[in-house]
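The structure appears right after this line, and notes come after that.
Derivation of every value follows stated rules applied to the coordinates shown; laboratory data play no part. Because the structure is a prediction, the values reported are computed rather than measured. Glycine gets a Cβ as well: all are built from the backbone with ideal geometry, and neighbour counts include every protein chain shown.
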Ligand code: C5P
C-alpha cells in the first residue's frame with residue numbers, strides 16, 4: 001500500500017522538525033544554566049523539576065528550599081537526571097565547615113558554595129573534602145547586595161572590584177574550582193583567572209523584568225563575557241511556561 005504524496009511529505013516535515021528541535025537542544029548552552037528554585041514549598045519545587053526534566057539544565061537548591069526539604073531533595077532531583085548546585089554559602093571555623101561538607105558532598109550535590117571571607121584554611125580544607133567526593137567547590141566573593149558603604153561598615157576599605165579579585169585569587173590559591181560573581185565582574189576576573197569557573201547570577205533575557213537585580217546581563221552576553229554557568233531564577237520559575245522560558249534563553 002502506498003501513502004499519498006502529501007501524507008509522506010507531511011511525515012517527512014514532522015521528522016525534520018523533531019530532528020531540528022533535538023539538534024537545537026543539543027547545541028544550545030542549556031547545560032550551563034542553573035535554575036534557582038527559590039520557592040517556599042516542596043511541591044512547587046517538584047513541579048518545576050518535572051517541567052524542566054530532560055532539558056539538561058542544573059537546579060539550584062538555596063537556603064530556603066534546603067531548610068524546607070533537607071538533604072533528601074538532592075537525591076530525588078539527582079534521580080531525575082539533574083546536576084545540583086547546593087548554594088548554602090558556608091562560613092564557619094575550618095573544622096566545622098569541613099565536617100559539614102563531608103555530609104553535604106556525600107549527598108551527591110555537584111557544586112557547593114562557601115564564603116571566601118572564611119579565609120584560606122577554611123577554603124583549603126573545604127576544597128579537599130569536596131574533591132574527595134568529586135564535588136565542585138565555589139567561593140562567594142562579595143555579595144551583590146553590598147556596596148562600598150556596606151564594605152566600609154565591616155572594615156573593608158578597598159573598592160569592590162579589587163576586593164572581588166583579591167578574594168577570587170585567594171580562593172584559587174586555596175584550591176577552589178571557581179567563584180560566584182556578578183556577570184559585570186566576569187571580564188575583569190577572566191583576565192586574572194583564565195581557567196577558573198565563574199558562576200554568575202543577575203541574568204535576564206532582553207526585555208524581561210529585572211526584579212530586584214540592579215545590574216543584569218542577557219544570557220548570551222554573560223557567556224560571551226566568560227561566564228561558565230548562569231544562575232537564572234524568576235524569569236524561568238515565574239513564567240507561565242518554565243520549560244519554554246528556559247529553552248528560549250539563547
Ligand atoms: O530570580 P533571579 O534570577 O534574580 O535569581 C538569582 C539567584 O541568584 C537567586 O537565587 C539569588 O539568591 C542568587 N544570587 C544573586 N546574587 C548573588 C548571589 C546569588 O542573585 N550575588
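Worth pointing out:
- Between the range 143-190 and the range 27-59, the alpha-carbon center distance in angstrom: 28
- Ordering 225-234, 144-153, 103-112, 65-74 by mean Cβ neighbour count within 10 Å, with the highest value first, yields 225-234, 103-112, 65-74, 144-153.
- Taking all Cα pairs closer than 8 Å and separated by 6 or more residues, the relative contact order of the range 29-247 comes to 19 percent.
- For the chain, the longest principal axis of the alpha carbon atoms and the long axis of helix 160-173 meet at an angle near 90°.
- Our estimate of slack between residue 72 and residue 192, defined as 0.36 nm per intervening residue step minus the Cα-Cα distance, is 39.4 nm.
- Helix 120-132 axis versus longest C-alpha principal axis of the chain: approximately 40°, rounded to the nearest ten.
- For the range 107-250, alpha-carbon Rg relative to the globular expectation (2.2 N^0.38 Å, N residues): 1.09
- Taking every alpha-carbon pair under 8 Å whose residues sit at least 6 apart, the range 54-182 reaches a relative contact order of 22 percent.
- Neighbour-count ranking [beta-carbon atoms within 10 angstrom, fewest first] of 250, 82: 250, 82
- Label-reachable residues, the range 118-143, where backbone N falls under 17 Å from a point 7 Å from residue 96's Cα toward its Cβ: 118-126
- The chain: angle of helix 5-27 to the longest principal axis, Cα-based, in degrees nearest 10: 10
- Cβ crowding within 10 Å ranks 154, 93, 61, 160 as 154, 93, 160, 61, fewest other Cβ atoms first.
- Percentage, to the nearest whole number, of Cα pairs in the chain over 30 Å apart: 31
- Of 102, 173, 190, the residue with the greatest mean-square motion in the GNM of the chain, using alpha carbon springs below 10 Å, is 173.
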